[in-house]
Structures are given as C-alpha cells and as structure tokens.
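The values are calculated or read from the model by the stated rules, or taken from the named source; none is laboratory data. The shown structure was predicted, so the numbers you read here are calculated from the model rather than taken from an experiment. Positions of Cβ are backbone-derived with ideal geometry, glycine not excepted, and every protein chain shown enters the neighbour counts.
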Amino acid sequence: MYANKVKKIAAVHDLSGAGRVSLTVVIPILSSMGFQVCPLPTAVLSSHTQYPHFSFLDLTDEMPRIINEWKQLEVQFDAIYTGYLGSPRQIQIVSEFIDDFRRPDSLVMIDPVLGDNGKLYTNFDGRMILEMRHLIRKADVITPNMTELFYLLDKPYQAENTDTELKSYLREISEQGPGIVIITSVPVQDDPHKTSVYAYDRQGDRYWKVTCPYLPAHYPGTGDTFTSVITGSLMQGDSLPIALDRATQFILQGIRATFGYEYDNREGILLEKVLHNLDMPIQVSSYELI
C-alpha cells in the first residue's frame, strides 16, 4: 500500500517579511533537503528586529489553536524544531507541544535563543532563562552560542575558554537532558581569523570540533541557517561530525557568495545562490575529535 515517505518537521519560529531569518530560512533549507516543513508561527513581522522599525503581530494566543487543529487531524511529526521564542508563555506552549506530539523516534531540536556577545536580547529577562532551562531538558539536540551556553549553565560569561573548559561545559549541559550539545561561534584563541563549533555526543561520549575561516561581516539569520542544516543533515542519517561539517561549510559558502556584493547586510546571506550546494557531498572533512 502506498505510504507518504516524506518526513514532516514542525518548525516553531517567527515569520519576517524582510530579511532572511527564521521561517524564510528554515523552510527553503529543509524543503530542499527533502522534508515537509509544517510551520507553527510564533509571530509575524514586517522585517526582523535588527531593522530600526517594524510591525509585529504576536501569535501566542493562536499557537494553541493551531496545535489543537493538528491534534484533531492526527498529524504526526518526525522532528520538532524550535528557534526564537518571544516569551515565557511561548516556551510553555512549546513544551506542552513536544509532550503531546513527540514519538519514540522523533528528533527534538532546540535552538535556545537568549542572547549574544555576553548579553540577553532586548525584552528578555531571568524568567526566559529559567523557562529555557526547563525546555532544553526535552531536547535531543541543542545549539546554543557561547552567551546562551553560560546562561543555561548559570555561569558568568567568559569569552575565552580552553578545550578542557569547553568539554566540561558540554558534558554538564548534556547531563541536563540533551544527548547532543553543539556550541556555535566559539572564538579560536590567538587567531581572530578563525571560528569554531564544538559538539558533544553523550551516546558515544565523544567531543568534536570544526574550525573554519572567520569573515568580518555580520548577517542576520546565520544561526537559523546553521541549525536548519544540522537538523536536515541528522534527519538524513548523517553522523554528527558530518552534520557539523555540512552546516559549517554551507554557512561559509553563503557568506562568501554574499560578501563581495554592495549589499545591505541586514537582508542576510544570499541563500538562493547556495541552496543547491546542500545536494552535494561534503568536499573536504574538517572535523576533528578532541
């Protein structure tokens, strides 16, 4: 009997009309990797929040209605992937959503968006941190940046860390629930032209690192892009180090494709120019076991 073999991924993110972030990044990446993306929008914005002004429609009250309709339709998801959540209430809704829709073989991917450069994002407070600490306990994989890692661990932020320190942080946060922890945007000591991604897989008790060139340009949405590629790669059956390589190389390709243009960086990387690269095998593996 014919069965629909395309895997479904519930994507809990906001939708911004201008700027390649959140759902306008998540949907094309995961769709091009062969998955059906089912958005659970948290808000609709005219543009992302790094523009000087924007309209904002909060969908917190609509989220439970959408979820209830999915329950009645008996929709099943192969993965649940969450990004920026705007309030403690949204985190609670997502937590209940995971409880209701998770299956034994589901992947729960949480990007615990809280802040950057040692500070919380605007309008976030201690309650957001507490709720996010509860939420990551339900994750299979989390992808915090350095700032978010320290907030989740309730430790003071420090920009420079040794491999030994990073490994201890990875293990400590994994013990709270997530089997795989990936830290993004880790500076390379004594080399400002490079950046690293560190990861820990509790099942194999192994630590991985991928280092790539750092280009001096800021593009919103690269975090969403990175975690989307990681999600699709793991769903395709890639190993963790290959998923790290694929996501890191894709970000680098996107930045290089964009970097040479006279271009408003707030629009994000030129995703359309590099999406086809997701179909290509990894050219050169740069991961290392630490």
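Among the residues making up segment 183-224, those that are among the basic types (Lys, Arg) and either closer than 23 Å to LEU152 by Cβ or in contact with a helix residue (DSSP H, G or I) (Cβ under 9 Å, 6 or more places away or on another chain) (or both) are ARG202, ARG206, LYS209. Criterion first (in contact (Cβ under 8 Å) with a residue 24 or more places away in the chain, buried (at least 22 other Cβ atoms within 10 Å of the Cβ), over 30 Å from SER46 (Cα atoms) and not β-branched (Val, Ile, Thr)) does LEU289 satisfy it? No: the conditions fail for LEU289. If we keep just the residues of segment 41-72 that are assigned to a strand (DSSP E or B) and of a type in the set (S, T, N, Q), which is surrounded by the fewest Cβ atoms within 10 Å (Cβ to Cβ)? Applying the filter and picking the extreme gives SER46.
Residues in segment 16-30 that are in a helix (DSSP H, G or I), touching a strand residue (DSSP E or B) at 6+ places or on another chain (Cβ under 6 Å) and surrounded by fewer than 24 Cβ atoms within 10 Å (Cβ to Cβ): LEU23, ILE27, LEU30. Is it the case that ASP111 is under 24 Å from GLY254 (Cβ atoms) and within 19 Å of the chain's Cα centre (by Cα)? So ASP111 fits the description; yes. The residue of segment 226-254 that is farthest from the chain's Cα centre (by Cα), among those that are surrounded by fewer than 24 Cβ atoms within 10 Å (Cβ to Cβ), closer than 24 Å to TYR169 by Cβ and of a type in the set (S, T, N, Q), is SER239.
Assess whether GLY177 counts as being outside any loop (DSSP other than H, G, I, E, B), of a type outside the set (Asp, Glu) and at pLDDT 95 or above.
Working: outside any loop (DSSP other than H, G, I, E, B): no; of a type outside the set (Asp, Glu): yes; at pLDDT 95 or above: yes.
Here the answer is no, as GLY177 does not meet what is asked.
Just one residue in the set THR222, THR248, THR231 is within 19 Å of MET109 (Cα to Cα), at pLDDT below 95 and touching a strand residue (DSSP E or B) at 6+ places or on another chain (Cβ under 6 Å); that residue is THR248. Would you say ASP190 is on the phi > 0 side of the Ramachandran plot, of a type outside the set (A, V, I, L, M) and without any contact (Cβ under 8 Å) to a residue 12 or more places away in the chain? When the stated conditions are applied, ASP190 passes them. Scanning segment 200-207 for any residue that is modelled with pLDDT of 95 or more, hydroxyl-bearing (Ser, Thr, Tyr), surrounded by 22 or more Cβ atoms within 10 Å (Cβ to Cβ) and not in a loop (DSSP other than H, G, I, E, B) turns up at least one such residue.
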